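Structure first, then comments.
The values are calculated or read from the model by the stated rules, or taken from the named source; none is laboratory data. Keep in mind that what you see is a predicted model, and the values were worked out from it rather than measured. In this analysis, Cβ positions are derived from the backbone assuming ideal geometry, glycine residues included, and neighbour counts consider all displayed protein chains. Ligands, DNA and RNA are stripped out before the accessible areas are found, and what is left, the full protein with its side chains, is counted by its heavy atoms. Shrake-Rupley method; radii C 1.70, N 1.55, O 1.52, S 1.80 Å.
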Amino acid sequence: MSTALPVRADLVGKTPYGAPQVTDAVQLNVNENPHGPSPALVAAMAQAVAEVAGTLNRYPDREALALRGDLAAYLSARTGVALGVPQVWAANGSNEVLQQVLQAFGGPGRLALGFEPSYSMHPLLAAGTNTGWVAELRGPGFTVSAEAAVAAVERHAPAVTFLTTPNNPTGTATSLDVVRAVCEASAGMVVVDEAYAEFSALPSAATLLADHPRLLVSRTMSKAFALAGARVGYLAASADVVDALRLVRLPYHLSAVTQVVARTALAHTAELLGTVEQVKTQRDRIATELRALGLTVVPTESNFALFGPWPDPAATWQALLDRGVLVRDLSSTPGLAGWLRVNAGTETETTRLIDAVSDLLRGDPP
Ligand SMILES: Cc1ncc(COP(=O)(O)O)c(C=O)c1O
């Protein structure tokens with residue numbers, strides 16, 4: 001970034017989010033669902049877009065009421081918690097939801113707290129909204145204990161605390177006891193980022209919403225729902241929290257096209273979530289087969305796994321790419337030296353990964 005520009009002083013020297021995009025490799029680096037929509041779903045989406053295309057001279061429903069209703073129905077069915085439109089908010093990916101949360105509840109003079117290593121966008125969103133960022137390191141096995149989390153909240157008095165479960169990039173889940181303890185200790189907002197919840201057996205923090213008015217549960221359609229390209233994230237919280245987010249959202253932030261595509265996907269929930277078991281099978285296969293090759297794989301409840309340790313992770317990342325497989329090098333992240341992360345692919349893609357790692361360990365040329 002040119003230093004000649006009068007960019008905000010607090011942004012100088014920061015690096016944008018930037019997982020490499022290499023389209024001619026097997027792409028296992030951004031935790032997507034590898035299964036594309038079925039021809040029937042593609043046709044349904046095309047039909048829905050065609051119907052809305054004739055109305056694109058008009059702004060979309062600013063409150064996305066129909067979509068929020070569908071999301072509320074999905075989340076209620078999934079978690080057993082009765083949620084309606086007033087308790088559910090949607091935006092362009094959960095990244096935008098989280099940004100709105102920090103716009104509404106963070107900002108200058110306020111702190112956000114996270115337990116790292118965790119999702120790298122949380123501190124970037126804090127920076128973008130001029131919210132201070134403070135991180136505590138996770139404990140053994142990348143876990144967060146109630147004692148450590150409560151002590152951190154008491155020490156920093158954050159306006160917003162992030163708990164990510166299952167956590168990215170470690171795959172570790174955090175129990176509801178910890179969430180409850182953090183809510184009880186916090187005067188600020190507590191965001192449970194459940195982007196990967198559908199891959200885990202643990203109950204959702206949505207089950208705690210009734211008792212904790214400052215709790216927010218954020219979710220996405222980018223992972224289990226296999227809809228990363230449509231950019232739809234959402235959140236469940238009290239109606240007051242949703243009203244606060246409406247103060248900072250851009251008018252008409254969710255396009256009419258986005259809204260109908262997401263609604264069509266939700267109408268095909270059974271088909272889309274039908275891929276979750278296949279993804280989990282490949283994730284477990286990665287763990288079993290890489291361990292059989294002598295590597296350590298961190299136990300995971302998500303659709304990805306950390307594997308290593310590698311003496312030179314950057315060289316291993318490149319060597320895997322030379323073999324046509326794109327994984328994520330997070331080894332420069334504090335606490336992750338030596339580790340690479342890979343998400344489960346289709347069976348064929350996962351075989352490519354395992355073969356590539358095995359070739360590499362044998363010293364075979366690409
Ligand atoms: C923990 C976590 N939260 C949120 C997101 C953002 O996802 P999206 O903006 O696609 O909903 C991601 C994406 O990787 C993630 O890993």
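For the chain, the mean projected area of the C-alpha convex hull, equal to one quarter of the hull surface, is 19.3 nm². Counting only DSSP beta bridges whose two residues both lie in the chain, roughly 45 percent are antiparallel. Distances between every pair of Cα atoms in segment 56-209, grouped in 10 Å steps from 0 to the bin holding the largest one, split as 11, 38, 36, 13, 2, 0 percent.
Looking at segment 103-253, what % of its DSSP beta bridges pair antiparallel, to the nearest 5? Of all bridge pairs located within segment 103-253, approximately 20 percent are antiparallel. Across all C-alpha atoms in segment 54-116, the radius of gyration and Dmax reach 15.3, 47 Å. Ordering TRP89, CYS183, PRO60 by the projection of their Cα atoms onto the charge dipole of the chain, which places +1 on the Cβ of Lys and Arg and -1 on the Cβ of Asp and Glu, puts PRO60 at the extreme positive end.
Expressed as a whole percent, the proportion of Cα-Cα pairs in segment 213-313 lying more than 24 Å apart is 47%. Normalised per residue, the accessible area of segment 88-195 is 32 Å², obtained with a 1.4 Å probe and no contribution from ligands, DNA or RNA. Per the Debye calculation on segment 1-41 with a single equal scatterer at every Cα and no solvent contribution, log₁₀ I(q)/I(0) for q = 0.23, 0.33, 0.34 Å⁻¹ amounts to -0.86, -1.18, -1.21. Roughly how far apart, in whole Å, are the Cα centres of segment 212-240 and segment 79-140? Here the answer is 11 Å between Cα centres.
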